[in-house]
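The values are calculated or read from the model by the stated rules, or taken from the named source; none is laboratory data. The structure presented is a predicted model; accordingly, all values stated were derived computationally and were not measured. FYI the Cβ positions are ideal-geometry reconstructions off the backbone, even for glycines, and counts take in every protein chain you see.
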Amino acid sequence: MMRVYSETEGTVKSLEAVVDKALADGKAKCLMIMACDDNGYTKESIDDFLLRLPVSVFGGVFPLVFHGRVPLSKGSVVISMEEEARVDFIPGMSRSDMDFEEVLDEMVQDDDQLQTLMILVDGLSSRIGAFIDALYAVFGLEINYIGGGAGSLSLQQKPCIITNEGLKQDGAVVAALTARSGIGVSHGWTTVSGPYKVTESRGNVIETLDWRPAFEVYREVVEAHSGTKFISRPFFDIAQSYPFGIAKMGTERVVRDPITLDGDRNLICVGEVPVGDYVDILHGQPKTLIEAAGLALTKARRDLPESVRPGLGLIMDCASRMLFLDDAFEDELVAMVPEETLFAGACSLGEIANSGKDYLEFYNKTAVVGFLEDA
């Protein structure tokens, strides 16, 4: 059984109160906490509370969180689970010397009951792609994955991962569940120009496309299509409408969000863009994005085994979709969240999911919907 609680004050005291409510009946063995960045939590303010929790906890700090169709820009959502999930924290998500496969191998148990991994990462770490590849190598596609990137729209990296050891930065938390699940992924962005070959890159920094400075190529296409000059507006104000799409065999493109410039030639993205990949420059309309969000819900229902009764709907919807849609974001929530259904979620800095059973990715600007089994 899973239950959802929320509070809107955004203080550590109000979070303690709602957690006490979630633990009151003594049945909860694990908590997931999604908190708003505007709460202003710091290690100094919240670590003592997290260290005292009597059950396993995992979660993150996000620009926006949801309780059903209600978006919260301040406060927290707490999900109580009667299942005792195994929770592990993985540090060093930007360290070039970190062997993620070795770390994850230590998590693997001889437990054929594992069905779902819930994963939250620091969305501004530079080696998320390598971590996702390691997850696939160690756990494969016999299970489902759902999660996303925590962090702030200020794009300043700071502690944002919630664990029993306190608030953490540049890491990931993984919760292993025996609950079965259904996952749906869709984005609704379409190609404006491309493909371009990524000829030089460093992790999440694109240096050249077709051997030309990456920003030079990107600027030519975006300014021509939008009729707006980058010199006249902040970079992200324009770039949020023009993500990259990485070509994938037999499926829709994986979206990468350019968020800022590195100098005057390179583009910094949320997530890695490897050398040799081919990317398109994409654009979208509110109508196509909202339709895609509804399709993610349909896919999640379809992916759930017929014998499974859904107990919780979980959303990871990219924060840059919220910014792009503006007032229409409310329509996206309606498309993703059925009425009178137990749902919770967050606006994330990147999304983690496997679409169907064929691949596992770290997405940007994408809507992810999951259903977890009512145990």
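Structural remarks
- For first residues located in region 192-218 and free of Cβ contacts under 8 Å to residues at least 60 places away in the same chain and closer than 21 Å to H283 by Cβ, partners that are of a type in the set (V, I, T) and surrounded by 17 or more Cβ atoms within 10 Å (Cβ to Cβ) and lie 6+ apart or on another chain with Cβ distances below 8 Å form the pairs D210/V217; A214/I206; A214/T208.
- For the residues L31, L53, the requirement of being part of a loop (DSSP other than H, G, I, E, B) and under 22 Å from E83 (Cβ atoms) singles out L53.
- Among the candidates F329, F371, residue that is in a helix (DSSP H, G or I) and aromatic (F, W, Y): F329
- Meets criteria (surrounded by fewer than 22 Cβ atoms within 10 Å (Cβ to Cβ), out of contact with any strand residue (DSSP E or B) (no Cβ under 6 Å at 6 or more places or on another chain), of a type in the set (D, E) and touching a residue at least 60 places away in the same chain (Cβ under 8 Å)) for E82: yes
- When V61, V70, V18 are checked against the criterion of being crowded, with 22+ Cβ neighbours inside 10 Å, among the hydrophobic types (A, V, I, L, M, F, W, C) and under 28 Å from E373 (Cα atoms), V61 stands alone in meeting it.
- Members of region 343-368 found to be among the hydroxyl-bearing types (S, T, Y) and either crowded, with 24+ Cβ neighbours inside 10 Å or assigned to a strand (DSSP E or B) (or both), listed by number: S348, Y363, T366
- Among (1) farther than 26 Å from I183 by Cβ; (2) out of contact with any helix residue (DSSP H, G or I) (no Cβ under 9 Å at 6 or more places or on another chain) - the single one V255 does not satisfy: (1)
- Taken as a whole, the structure places G75 among residues that are in contact (Cβ under 8 Å) with a residue 24 or more places away in the chain and either within 20 Å of V55 (Cβ to Cβ) or touching a strand residue (DSSP E or B) at 6+ places or on another chain (Cβ under 7 Å) (or both).
- Of the numbered criteria (1) surrounded by fewer than 17 Cβ atoms within 10 Å (Cβ to Cβ); (2) touching a strand residue (DSSP E or B) at 6+ places or on another chain (Cβ under 8 Å), the one E340 fails is (2).
- Residue count, region 165-185 (criterion: surrounded by fewer than 22 Cβ atoms within 10 Å (Cβ to Cβ), of a type in the set (S, T, N, Q) and in contact with a Leu (Cβ under 7 Å, 6 or more places away or on another chain)): 1
- Pairs meeting the criteria (first residue in region 223-240 and closer than 16 Å to L267 by Cβ, second residue at pLDDT 95 or above and among the acidic types (D, E), beta carbons under 9 Å, at least 6 apart or on different chains) are F230/E223; I238/E223.
- Taking region 25-69 as the range and being at positive phi and modelled with pLDDT under 95 as the test, the residues that pass are G26, G68.
- Evaluation of L314 against (1) out of contact with any helix residue (DSSP H, G or I) (no Cβ under 6 Å at 6 or more places or on another chain); (2) modelled with pLDDT under 95 (one fails), failing number: (2)
- Filtered residue count, region 219-234, keeping only those that are out of contact with any helix residue (DSSP H, G or I) (no Cβ under 8 Å at 6 or more places or on another chain) and surrounded by 15 or more Cβ atoms within 10 Å (Cβ to Cβ): 1
- Residues being surrounded by fewer than 24 Cβ atoms within 10 Å (Cβ to Cβ) and part of a helix (DSSP H, G or I) - total across region 307-326: 5
- Any hit, region 37-48, residues being in a loop (DSSP other than H, G, I, E, B) and crowded, with 19+ Cβ neighbours inside 10 Å: yes
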